[in-house]
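What follows is a set of notes on a single structure, which appears directly below.
The values are calculated or read from the model by the stated rules, or taken from the named source; none is laboratory data. Remember, it's a predicted structure, so these values are computed and weren't measured experimentally. We place every Cβ from the backbone using ideal geometry, glycine too, and count neighbours over all the protein chains shown. To get the accessible areas, we keep the full protein, side chains included, count just its heavy atoms, and leave off ligands, DNA and RNA. Shrake-Rupley method; radii C 1.70, N 1.55, O 1.52, S 1.80 Å.
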Amino acid sequence: MLCSMLQTHLFQRRFESPTASSPARPTPADPIVKESVEGVTVKVGGGGDQVAKTGDDGASSSGPVSFGLSEVPAAPKYLGFLGLVPFVGTTLAAFHMPEALPLLQELQATYGAIILSFMGAVHWGLAMASVGGTPTTSRYILSTLPAILGFFSISFMQKPPVMLMTQMAGFLALLVGDVVGYQAKFVPA
């Protein structure tokens, strides 16, 4: 409950409440401009989202939507990279200590289940904050599926490679869900 209240408060501060020191930003509902950041303007409409960049020489170019790491705030960017350490560490350790492979696979599968749960919880929080409109039962159900898949993969599957392949499918499904959710404006950019 406290987490959902905090997420709602942070969302309102970040996206809905302009202050006197910061001008009002365009809203996702604005049909002309979605967001302007450091010389990048994302225009919505027609044949899909387009990015127009104005360079130092004043020339502009456009292309499909892509988001670079420069647009991500420092704390989430670095914490996200730190979240990869257990995945990369267990993979590298498997090359240097092949005798420990079964243990390393189980460690990686356990961490993968935790991360799947976390990523599903992000979607739960977005639904509770009513990002993209009124939350529906299907959004809440879909946000719990990664946690259920993670639990199922480490609880009922006996072979670590099967656990990891199941989780890989879950991560790919989350990626597809994020892209579809972004296009439907259920997740912020």
Query raised in the report: If we keep just the residues of segment 106-143 that are under 15 Å from the mean Cα position of the chain (by Cα) and among the polar types (S, T, N, Q), which is nearest to Leu84 (Cα to Cα)?
Result: Ser117
**Report entry** Tally, over segment 155-182, of residues that are touching a residue at least 40 places away in the same chain (Cβ under 8 Å) and closer than 29 Å to Thr136 by Cα
**Finding:** 6
Requested in this report: For segment 170-189, name all the residues that are surrounded by 12 or more Cβ atoms within 10 Å (Cβ to Cβ) and assigned to a helix (DSSP H, G or I).
Outcome: Gly170, Phe171, Ala173, Leu174, Gly177, Asp178, Gly181, Tyr182, Gln183
Requested in this report: Kindly indicate whether Ala59 is open to solvent by less than 90 Å² (accessible area, probe 1.4 Å), out of contact with any strand residue (DSSP E or B) (no Cβ under 7 Å at 6 or more places or on another chain) and either more than 26 Å from Leu116 (Cβ to Cβ) or at pLDDT below 55 (or both).
Outcome: yes
**Report entry** Qualifying helices (runs of 4 or more DSSP H) (wholly inside segment 65-131; at least 1 residues being open to solvent by 40 Å² or more (accessible area, probe 1.4 Å) and under 20 Å from Lys185 (Cα atoms))
**Finding:** 101-128
